[in-house]
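See structure below.
The values are calculated or read from the model by the stated rules, or taken from the named source; none is laboratory data. Computed from a predicted structure; not experimentally measured. So basically every Cβ, Gly included, is an ideal-geometry build from the backbone, and we count neighbours across all protein chains shown. Accessible surface areas use protein heavy atoms only, side chains included; no ligands, DNA or RNA. Shrake-Rupley method; radii C 1.70, N 1.55, O 1.52, S 1.80 Å.
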Amino acid sequence: MKGGADSADTVRAYGHTRTLRRMNSSSGPAPAVTASRLRALPPSVGPVRLVGIDGHAGSGKSTLAARLAAELGAAPVIPLDSIASHDALFAWTDRLTAQVLEPFARGEAAHPGVYDWERRAFTRTAVVPPAPVVLLEGVGAGRRAVRPHLSLLLWVDVSEAEAWSRGRRRDGPRLAAFWRNWQRAERRHFADDPSRPWADILLAPWSGGYHASWHGPPGAGGGLRRNPLWGTS
(Lines give C-alpha, C1' and ligand atoms only; values in the text may rest on other atoms or scores of the structure.)
Protein backbone atom coordinates (compact mmCIF):
# COMPACT_ATOMS: atom_id res chain seq x y z
CA MET A 1 0.00 0.00 0.00
CA LYS A 2 1.11 3.59 -0.61
CA GLY A 3 3.73 4.90 1.76
CA GLY A 4 4.64 1.60 3.43
CA ALA A 5 6.09 1.80 6.90
CA ASP A 6 7.76 5.18 6.54
CA SER A 7 4.58 7.16 5.79
CA ALA A 8 2.66 6.13 8.85
CA ASP A 9 4.97 5.91 11.83
CA THR A 10 4.95 9.62 12.65
CA VAL A 11 2.22 12.21 12.80
CA ARG A 12 2.55 14.56 9.81
CA ALA A 13 1.58 18.23 9.81
CA TYR A 14 -0.49 19.71 7.02
CA GLY A 15 -2.60 22.85 6.54
CA HIS A 16 -5.42 24.09 4.37
CA THR A 17 -5.54 26.36 1.30
CA ARG A 18 -8.59 27.02 -0.90
CA THR A 19 -10.58 29.34 -3.10
CA LEU A 20 -13.95 28.60 -4.67
CA ARG A 21 -12.49 28.31 -8.18
CA ARG A 22 -8.91 27.22 -7.69
CA MET A 23 -6.67 26.15 -4.84
CA ASN A 24 -2.94 25.60 -4.90
CA SER A 25 0.19 26.26 -2.92
CA SER A 26 0.88 29.66 -4.42
CA SER A 27 -2.47 31.38 -4.77
CA GLY A 28 -5.64 31.87 -2.77
CA PRO A 29 -6.50 33.70 0.41
CA ALA A 30 -3.93 34.61 3.04
CA PRO A 31 -2.99 31.58 5.18
CA ALA A 32 -4.20 33.11 8.41
CA VAL A 33 -7.62 33.84 6.93
CA THR A 34 -8.24 30.30 5.73
CA ALA A 35 -6.80 28.72 8.85
CA SER A 36 -8.92 30.95 11.05
CA ARG A 37 -12.03 29.94 9.13
CA LEU A 38 -11.29 26.27 9.65
CA ARG A 39 -10.64 26.84 13.31
CA ALA A 40 -13.96 28.73 13.53
CA LEU A 41 -15.89 25.57 12.71
CA PRO A 42 -17.60 23.95 15.68
CA PRO A 43 -15.54 21.08 17.09
CA SER A 44 -16.81 17.74 15.83
CA VAL A 45 -15.25 15.30 18.31
CA GLY A 46 -14.28 16.61 21.74
CA PRO A 47 -12.19 19.77 21.17
CA VAL A 48 -11.10 18.62 17.69
CA ARG A 49 -12.31 19.79 14.30
CA LEU A 50 -11.76 16.60 12.32
CA VAL A 51 -11.45 17.23 8.57
CA GLY A 52 -11.76 14.25 6.24
CA ILE A 53 -9.88 14.00 2.93
CA ASP A 54 -11.31 11.20 0.80
CA GLY A 55 -11.06 10.00 -2.80
CA HIS A 56 -10.09 6.97 -4.83
CA ALA A 57 -6.72 5.34 -4.21
CA GLY A 58 -4.15 7.19 -6.31
CA SER A 59 -6.27 10.35 -6.63
CA GLY A 60 -3.75 12.58 -4.84
CA LYS A 61 -5.11 12.78 -1.29
CA SER A 62 -1.65 12.80 0.26
CA THR A 63 -0.49 15.44 -2.22
CA LEU A 64 -3.46 17.61 -1.28
CA ALA A 65 -2.76 17.07 2.40
CA ALA A 66 0.85 18.13 1.90
CA ARG A 67 -0.30 21.34 0.17
CA LEU A 68 -2.70 22.03 3.01
CA ALA A 69 0.21 22.05 5.49
CA ALA A 70 1.27 25.68 5.33
CA GLU A 71 -1.97 27.30 6.39
CA LEU A 72 -2.67 25.16 9.43
CA GLY A 73 0.94 25.02 10.50
CA ALA A 74 1.41 21.97 12.68
CA ALA A 75 -2.06 20.46 12.34
CA PRO A 76 -1.62 16.68 12.67
CA VAL A 77 -2.70 14.25 9.98
CA ILE A 78 -3.87 10.70 10.57
CA PRO A 79 -3.27 8.62 7.42
CA LEU A 80 -5.77 5.80 7.15
CA ASP A 81 -2.94 3.76 5.63
CA SER A 82 -1.66 3.44 9.18
CA ILE A 83 -4.98 2.09 10.50
CA ALA A 84 -6.00 -0.25 7.67
CA SER A 85 -4.22 -3.55 7.06
CA HIS A 86 -4.02 -6.40 4.55
CA ASP A 87 -6.67 -8.28 6.52
CA ALA A 88 -8.87 -5.23 7.06
CA LEU A 89 -8.68 -2.96 4.02
CA PHE A 90 -11.94 -1.32 5.09
CA ALA A 91 -12.92 -3.14 8.29
CA TRP A 92 -11.07 -0.62 10.45
CA THR A 93 -13.87 1.50 11.93
CA ASP A 94 -13.73 -0.18 15.35
CA ARG A 95 -9.97 0.45 15.47
CA LEU A 96 -10.43 4.09 14.46
CA THR A 97 -13.15 4.55 17.07
CA ALA A 98 -11.17 3.01 19.93
CA GLN A 99 -7.77 4.50 19.08
CA VAL A 100 -8.74 7.92 17.73
CA LEU A 101 -12.36 9.04 18.08
CA GLU A 102 -12.96 7.99 21.67
CA PRO A 103 -9.73 9.56 23.01
CA PHE A 104 -10.45 12.79 21.09
CA ALA A 105 -13.97 12.84 22.53
CA ARG A 106 -12.39 12.83 26.00
CA GLY A 107 -9.96 15.58 25.02
CA GLU A 108 -7.04 13.15 25.11
CA ALA A 109 -4.31 12.27 22.62
CA ALA A 110 -5.08 9.51 20.15
CA HIS A 111 -2.76 6.51 19.89
CA PRO A 112 -3.42 4.83 16.53
CA GLY A 113 -1.46 1.73 15.70
CA VAL A 114 0.89 2.03 12.73
CA TYR A 115 0.66 -0.73 10.14
CA ASP A 116 3.78 -1.75 8.24
CA TRP A 117 2.58 -2.87 4.80
CA GLU A 118 5.83 -4.72 4.07
CA ARG A 119 6.02 -6.59 7.37
CA ARG A 120 2.23 -7.07 7.37
CA ALA A 121 1.98 -6.13 11.05
CA PHE A 122 1.31 -3.21 13.37
CA THR A 123 4.81 -2.34 14.49
CA ARG A 124 4.48 0.90 16.45
CA THR A 125 2.01 3.44 17.82
CA ALA A 126 1.66 7.09 16.87
CA VAL A 127 0.67 9.85 19.25
CA VAL A 128 -1.77 12.41 17.86
CA PRO A 129 -2.65 15.37 20.11
CA PRO A 130 -6.24 16.66 20.23
CA ALA A 131 -5.29 19.72 18.18
CA PRO A 132 -7.84 22.34 17.12
CA VAL A 133 -7.82 20.84 13.58
CA VAL A 134 -6.80 17.27 12.71
CA LEU A 135 -6.86 15.91 9.15
CA LEU A 136 -8.02 12.34 8.51
CA GLU A 137 -6.65 11.34 5.10
CA GLY A 138 -7.40 8.20 3.14
CA VAL A 139 -9.91 6.13 1.23
CA GLY A 140 -13.03 5.89 3.35
CA ALA A 141 -12.39 8.99 5.46
CA GLY A 142 -15.94 10.08 4.64
CA ARG A 143 -17.71 6.76 5.26
CA ARG A 144 -21.01 6.76 7.14
CA ALA A 145 -19.46 5.59 10.43
CA VAL A 146 -16.99 8.50 10.38
CA ARG A 147 -19.05 11.37 8.92
CA PRO A 148 -20.82 12.25 12.21
CA HIS A 149 -17.39 12.99 13.66
CA LEU A 150 -16.21 15.30 10.85
CA SER A 151 -16.36 19.07 10.75
CA LEU A 152 -15.70 19.08 7.00
CA LEU A 153 -15.35 16.46 4.26
CA LEU A 154 -13.18 17.08 1.19
CA TRP A 155 -13.26 14.79 -1.86
CA VAL A 156 -10.39 14.73 -4.36
CA ASP A 157 -12.43 14.57 -7.55
CA VAL A 158 -10.44 12.24 -9.80
CA SER A 159 -12.19 9.39 -11.60
CA GLU A 160 -11.73 5.83 -10.44
CA ALA A 161 -9.97 4.81 -13.66
CA GLU A 162 -7.54 7.75 -13.66
CA ALA A 163 -6.78 7.46 -9.95
CA TRP A 164 -6.11 3.73 -10.11
CA SER A 165 -3.92 4.17 -13.19
CA ARG A 166 -1.85 6.76 -11.32
CA GLY A 167 -1.60 4.55 -8.26
CA ARG A 168 -0.48 1.51 -10.21
CA ARG A 169 2.19 3.55 -12.01
CA ARG A 170 3.36 4.96 -8.68
CA ASP A 171 3.62 1.58 -6.96
CA GLY A 172 5.02 -0.37 -9.91
CA PRO A 173 4.62 -4.01 -10.99
CA ARG A 174 5.74 -5.37 -7.62
CA LEU A 175 2.35 -4.43 -6.14
CA ALA A 176 0.22 -5.49 -9.12
CA ALA A 177 -1.40 -8.37 -7.21
CA PHE A 178 -2.17 -6.10 -4.28
CA TRP A 179 -3.77 -3.55 -6.59
CA ARG A 180 -6.04 -6.18 -8.16
CA ASN A 181 -7.32 -7.09 -4.70
CA TRP A 182 -7.52 -3.44 -3.64
CA GLN A 183 -9.58 -2.40 -6.68
CA ARG A 184 -12.20 -5.05 -5.96
CA ALA A 185 -12.32 -4.05 -2.30
CA GLU A 186 -12.54 -0.31 -2.97
CA ARG A 187 -15.28 -0.76 -5.56
CA ARG A 188 -17.31 -2.87 -3.12
CA HIS A 189 -16.76 -0.32 -0.36
CA PHE A 190 -17.89 2.72 -2.32
CA ALA A 191 -20.85 0.82 -3.82
CA ASP A 192 -22.11 0.16 -0.29
CA ASP A 193 -20.83 3.27 1.48
CA PRO A 194 -20.06 6.16 -0.91
CA SER A 195 -18.30 9.28 0.33
CA ARG A 196 -18.45 11.63 -2.66
CA PRO A 197 -22.19 12.42 -2.43
CA TRP A 198 -21.66 13.59 1.15
CA ALA A 199 -18.58 15.75 0.54
CA ASP A 200 -18.75 19.43 1.47
CA ILE A 201 -16.20 20.44 -1.19
CA LEU A 202 -15.07 18.67 -4.37
CA LEU A 203 -11.47 19.38 -5.35
CA ALA A 204 -10.51 18.57 -8.95
CA PRO A 205 -6.78 18.80 -9.76
CA TRP A 206 -6.19 21.40 -12.47
CA SER A 207 -3.12 23.16 -13.84
CA GLY A 208 -0.99 22.52 -10.78
CA GLY A 209 -3.79 23.45 -8.41
CA TYR A 210 -7.43 22.55 -7.81
CA HIS A 211 -10.86 23.58 -8.96
CA ALA A 212 -12.98 23.72 -5.81
CA SER A 213 -16.78 23.58 -5.84
CA TRP A 214 -19.39 23.34 -3.12
CA HIS A 215 -21.27 20.13 -2.85
CA GLY A 216 -23.92 18.81 -0.53
CA PRO A 217 -25.46 15.65 0.91
CA PRO A 218 -28.22 13.83 -0.97
CA GLY A 219 -31.57 15.52 -0.51
CA ALA A 220 -30.02 18.92 0.19
CA GLY A 221 -30.90 20.34 -3.22
CA GLY A 222 -27.70 19.32 -5.04
CA GLY A 223 -25.16 21.59 -6.69
CA LEU A 224 -23.94 24.58 -4.73
CA ARG A 225 -25.09 24.87 -1.16
CA ARG A 226 -24.37 27.35 1.55
CA ASN A 227 -21.39 26.24 3.56
CA PRO A 228 -21.08 27.50 7.14
CA LEU A 229 -17.36 28.05 6.62
CA TRP A 230 -17.24 30.21 3.49
CA GLY A 231 -20.80 30.76 2.19
CA THR A 232 -21.37 30.53 -1.57
CA SER A 233 -19.80 33.73 -2.87
**Report entry** D_trans [Stokes-Einstein, Kirkwood Rh over alpha-carbon pairs] for region 61-175, 10 °C, 1.306 mPa s, µm² s⁻¹
**Finding:** 103
Report task. Please report, in whole Å, how far the alpha carbons of region 150-200 spread along each principal axis, starting with the longest. Result -> 37, 20, 18
Report task. Write down the radius of gyration of region 110-196 and its Dmax, each obtained from C-alpha positions, in Å. Result -> 15.1, 40
Report task. Just read off the accessible area of THR93 with the full protein assembly in place, 1.4 Å probe, to the nearest 10 Å². Result -> 40
Report task. List every residue whose amide H lies under 5 Å from the amide H of ILE78, counting only residues 5 or more places away in sequence or on a different chain, with H placed 1.01 Å from N in the peptide plane. Result -> LEU135, LEU136, GLU137
Report task. Please give the residues of region 73-92, grouped as numeric ranges, whose backbone N is less than 16 Å from a label point set 7 Å along the Cα-to-Cβ vector of VAL127. Result -> 76-77
Query raised in the report: Using the alpha carbon gyration tensor of region 100-142, what are the three equivalent-ellipsoid semi-axes (square root of 5 times each eigenvalue), largest first, in whole Å?
Result: 21, 14, 8
Report task. Give the calculated FRET efficiency between GLU160 and SER213 to the nearest 0.05, with a Förster radius of 22 Å applied to their Cβ-Cβ distance. Result -> 0.70
Report task. Using only the C-alpha atoms of region 41-91, find the volume of their convex hull and express it per residue in Å³. Result -> 109
Query raised in the report: For the residue pair ALA176 and ARG144, what label-to-label distance in nm results when each label sits 7 Å from Cα along the Cα-to-beta-carbon direction?
Result: 3.7
**Report entry** Zone of ASP87's modelled label, taken as backbone nitrogen in region 101-132 under 17 Å from a point 7 Å along Cα→Cβ
**Finding:** 113-124
**Report entry** Loop-resident sites, region 58-150, for GluC sites (Glu not before Pro), counting at most 14 other Cβ within 10 Å (DSSP)
**Finding:** GLU108, GLU118
**Report entry** Under 5 Å, built H, 5+ apart or other chain: amide partners of TRP206
**Finding:** HIS211
Query raised in the report: Separation of region 53-102 and region 106-148 by C-alpha centroid, Å?
Result: 6
Query raised in the report: For region 128-222, what is the charge dipole size about the Cα centre, in debye to the nearest 20, if Lys and Arg each add +1 at the Cβ and Asp and Glu each add -1 at the Cβ?
Result: 420
